[in-house]
1. If we scan region B:129-142, do we find a residue that is within 16 Å of the ligand (Cβ to nearest atom), assigned to a loop (DSSP other than H, G, I, E, B), surrounded by 14 or more Cβ atoms within 10 Å (Cβ to Cβ) and free of Cβ contacts under 8 Å to residues at least 60 places away in the same chain?
2. Select from region B:143-183 the residues that are without any contact (Cβ under 8 Å) to a residue 60 or more places away in the chain, closer than 16 Å to residue B:241 by Cα and more than 8 Å from chain A (Cβ to nearest Cβ) and list them in ascending order.
3. Residues that are in contact (Cβ under 8 Å) with a residue 40 or more places away in the chain, within 14 Å of another protein chain (Cβ to nearest Cβ) and within 16 Å of the ligand (Cβ to nearest atom): does region B:188-199 have at least one?
4. Within 16 Å of the ligand (Cβ to nearest atom) and in a strand (DSSP E or B): does that describe residue B:184?
5. I'm told residue B:19 meets every condition in (1) within 13 Å of chain A (Cβ to nearest Cβ); (2) more than 15 Å from the ligand (Cβ to nearest atom); (3) crowded, with 21+ Cβ neighbours inside 10 Å except one. Can you identify the failing condition by its number?
6. When you scan region B:62-76, how many residues do you find that are within 9 Å of the ligand (Cβ to nearest atom) and on the phi < 0 side of the Ramachandran plot?
7. Scan B:173, B:156 and give me the residue that is on the phi < 0 side of the Ramachandran plot, surrounded by fewer than 16 Cβ atoms within 10 Å (Cβ to Cβ) and in a helix (DSSP H, G or I).
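The values are calculated or read from the model by the stated rules, or taken from the named source; none is laboratory data. Computed from a predicted model, the values in this text were never measured in an experiment. Cβ atoms come from the backbone with ideal geometry, glycine included; neighbour counts cover every protein chain shown.
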Ligand code: SF4
């Protein structure tokens, strides 16, 4: 089902989203990938402040390519989410409601999404030029030294994403194909 | 040397903005053939993505990769004016900086400090007869690189064992490697030779075939078996899981049967030039 959703991603909006929904997302979201997650996680464990509000927010696992003059951002597609799995449950516990990436999530993340009510969206991997057109503003707000891995605040307009895992643990990757990991561990 | 630097620079930029015709053709054919509506929609978006990338000089994918460079040097060639390695890395530096490509390389795998210019590349040299210099630049994204595997099979596992390794690797990669994927396979050699064969296989045109009849059949069989997995575009279901399977083989030891599977996404980039 096609849905148009604006941020903040409040509880009621989360519970209304179902695996398989095709969502056009608008509003403010944040970027963070490996290195930024590590810092956020370590700061939180140490009880320090973090540079963004997690409550009702969405993190896009993105490290863009640089913008040319006159462009808001360079190529801007998702990176593989599983590398963030280690850090994600803590972020969910602190109010994060949505994540945009690609690929499978760990059991721990899916459990935490269920417990704290959050959704996982997939953006199309390898469509960074197309996706960049939906980004109207981009500003580095923290960890500038990390270059492409800095945390950015983005204003997006009708960013096309697909709900892959909803708060009820419905998982499109499992419904849509018969992928059974050969090692028996579904942690990719 | 300056000519090499200039060519490498242009090739890095070119590879990241435009796919080669063979990969594009396969993607376009897949978009026509895909029957699942969501899969078709995604493939159409990938087509549109290529048009935008080309028209507006935005990289096809934000992961503009680690620059893998294959150098085939004719043994009659004499290169003047400094180190070849430096000239290539300088080309990568200029290409990634001036071409607005992402800098994704860290100087050490453990301390992980970004080198900020995407150097160094991974350079493979080969000395061949003749007086020409052939350069291939193949930027490699890591979403798919991370899903690649090498397995040291036993000779008794035979070709069936090889097929299992290939299928299992694609299954494990699932949605992570940005399907539809391109699969490069190396069979034989030693541990490192096998991995290199798989990487090289990815730079071979998708409309080409291995000349050895059984390998050609294996390429075709694996492509249809992979597409029957229904992983589909973006891993969300459909009959387009791979755009192509290229396999290279090499003599090996009486005790071994190494198999390497290098997974590449649909953004299978490679540019080749003869100097
Ligand atoms: S796997 Fe390929 S398409 Fe996907 S993010 Fe990496 S480079 Fe881009």
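1. Scanning region B:129-142, I find no residue that is within 16 Å of the ligand (Cβ to nearest atom), assigned to a loop (DSSP other than H, G, I, E, B), surrounded by 14 or more Cβ atoms within 10 Å (Cβ to Cβ) and free of Cβ contacts under 8 Å to residues at least 60 places away in the same chain, so the answer is no.
2. If the condition is that a residue be without any contact (Cβ under 8 Å) to a residue 60 or more places away in the chain, closer than 16 Å to residue B:241 by Cα and more than 8 Å from chain A (Cβ to nearest Cβ), then no residue fits.
3. Going residue by residue through region B:188-199, those that are in contact (Cβ under 8 Å) with a residue 40 or more places away in the chain are B:188-191, B:193-199.
Right, trim to within 14 Å of another protein chain (Cβ to nearest Cβ) and you get none.
No, that holds for no residue.
4. yes
5. (2)
6. Narrowing region B:62-76 to residues within 9 Å of the ligand (Cβ to nearest atom): B:62-65.
From the residues that got through so far, the ones that are on the phi < 0 side of the Ramachandran plot too are B:62-64.
Residues that pass the stated criteria total 3.
7. The conditions single out B:156.
Per-residue answers, yes or no, for (1) surrounded by fewer than 24 Cβ atoms within 10 Å (Cβ to Cβ); (2) within 16 Å of the ligand (Cβ to nearest atom); (3) more than 13 Å from every other protein chain (Cβ to nearest Cβ):
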residue	(1), (2), (3)
A:101	no, yes, no
A:106	yes, no, no
A:116	yes, no, yes
A:130	no, yes, no
A:147	yes, no, no
A:152	no, no, no
A:155	yes, no, yes
A:162	yes, yes, no
